[in-house]
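Please read the structure below before turning to the comments.
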Amino acid sequence: MAQQNKKQPKAKTGLARCLELASGHKGLVFLSGFLAAMAAICSFVPYLSIYYIIREILFIYPDMSLLNVSTISTWGWLALAGILGNIVFYFFALLCSHIAAFGTLYELKVAFADHIMHIPLGYHLTLGSGKLRKIMDENIESVEKFIAHQLPDFVASLVAPLVLVIILLGIDWRYGVVCMVGIILAFIVQFAGFNGEAKEKMHRFQTAQENMNSASVEYVRGMPEIKAFNQTADSFKRLSKSITDYTSFVLEYALGWQNCMPAFTTIINNIYLFLIPVGVLIGMHTTNFREYSLTFIFYLIIVHAISGILNKIMFISESFTQIDGSVERMDEILRIPVLPEKNTTTEIQNYDITFQDVSFSYEADSQIKALSHVSFLAPQGKVTAVVGPSGGGKSTIANLISRFYDVTDGSIQIGGVDIRDIPLDALMDKVSFVFQDTFLFKQSILDNIRMGNPDATEEQVIAAAKAARCHEFIDQLPNGYQTVIGSTGVHLSGGERQRIAIARAIVKDAPIIVLDEATAFSDPENEYLIQKAFEKLIQNKTVVMIAHRLSTIRNADQILVMEKGCLIESGTHDELLKKGGKYAQMWSSYTESINWKISTGKAV
């Protein structure tokens, strides 16, 4: 019970989190803060120098022959030194903060990329590439900008008001109090429209931005379908709604400050209006006009520094709200648990794949199961085909073999070893995939094939391409294997891209092959070539083949029939036909579809 009542440490946010992220460059961060503080102090030296110059002049006026030129020059040089000191200290403060920020940015992006690579694949599908792109490009970049710029400015914004208050109250407390009244009044007006919901509003803003990014990415990726059905950005409802929501929120937020912000700006830029009547009142009762004039003139000069300092404070406070939202979004992803991984390598005796009473749900605590109590053995060196209606759980089986997800119940074993006990790198080395949707990177064809085995020689890549029946069309491309996919004039058909993916799997030479609808969208000619490529790919391998076209798996060593997440039949093609069950129905429908023809009838 005591353990349960123990409070968990609160997650750091905003500035504290940024400092934590930059902890590897702590020395540079603190040096940057110190230099920024020195720059802030130096910025007041010219004002004090002007004060003493005016003092020297007023106290000998009108007999200017008594003016001590040496003293005036000293104060003038001191003012120049203050200006140069402000510039030099601030320059080196930014230099240190930028070095720390760039180092933090590099480490953070690498860590974020590594993290999203190790979280279950389902999170990628749920979050969407638009949201992940925004977080990686914008939110993480904002951390770099905050450390590089806002962090030294934050230190300066703490030191400058402190020094300013000391000067305002130290020279003449009466004028200082008047200035402080103006400052306090400005902040009261500013925060009159602040209802304490800044964090919640920033959360809404970040959400609106992410929704708009995701919808924009989806819109661009779906451009062929959008054009085919004569749609526009306005008719694409998700994009249109996300833009409308974003615009409505931004307008609402901006208009919420339409009175407070102008009033704040007006007051801090005109605090001298508070000083003048007080100065006149003090002047009416002064007995030392020279001292009075000196002080009054000085405050009329320095009061203009107040607006710059307070504007910087407001800018910093706004950046704090923004960085708090950005860091929170980034940490939401970083808090997603990675797939647990064992560091010890367990020796695998063979490459049989065993499903033992496997159940799986894509959503935690969901009653809807993608797989329910599935058990089977896919023997080494044999082809196991998985067929069934859409939504039956075929692709889920393929995803679970590769640990794109972890099973909810039961276990999956390779050679008698639970795949959760196999390090992910070792598991990936043992499994090759050819998916229905083939993704090729904007690199050379050679590099795309070599992705299956980075150490493969060019000769091995060419041999794999020949085995995959793609050497002929690659050889005819402008630069052969050095042709960059996606470059001008280079367009590959779906079947050609599929064969390159098979070449990638061949060069990897993994003992387990998973084929997920690899010929689903191929024309007859490409399907024949892909089937020939498969003959080379699957030799002496453990093969799990997901297929809709039953002709492609007719000769499989065993066929598993899935329906609604359950394994309902298994056996060879001939055995399943004799049973007269679901597979026999599917085969009958398939053969009828092959013989189906369009005919025209004449009206009688």
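Just so it is clear, none of the values below were taken in a lab; they were calculated from the coordinates. The shown structure was predicted, so the numbers you read here are calculated from the model rather than taken from an experiment. Here Cβ is always computed from backbone atoms with ideal geometry, including for glycine, and neighbour counts include all displayed protein chains.
Report note on the peptides 328-341, 99-112: ranked by the mean count of other C-beta atoms within 10 Å, highest first, their order is 99-112, 328-341. Judged by the mean number of other Cβ atoms found within 10 Å, the most tightly packed of the peptides 132-140, 373-381 leads the ranking 132-140, 373-381. Volume of the convex hull of region 350-466 (Cα atoms only), normalised per residue: 148 Å³.
In terms of Cα atoms, the Rg and Dmax of region 353-592 work out to 18.4, 54 Å.
Here the contact order of region 353-592, divided by its residue count and restricted to Cα pairs under 8 Å and six or more residues apart, works out to 28 percent.
Taking the highest mean first, how do the peptides 461-472, 348-359, 443-454 order by number of other beta carbon atoms within 10 angstrom per residue?
The packing order, highest mean first, is 461-472, 443-454, 348-359.
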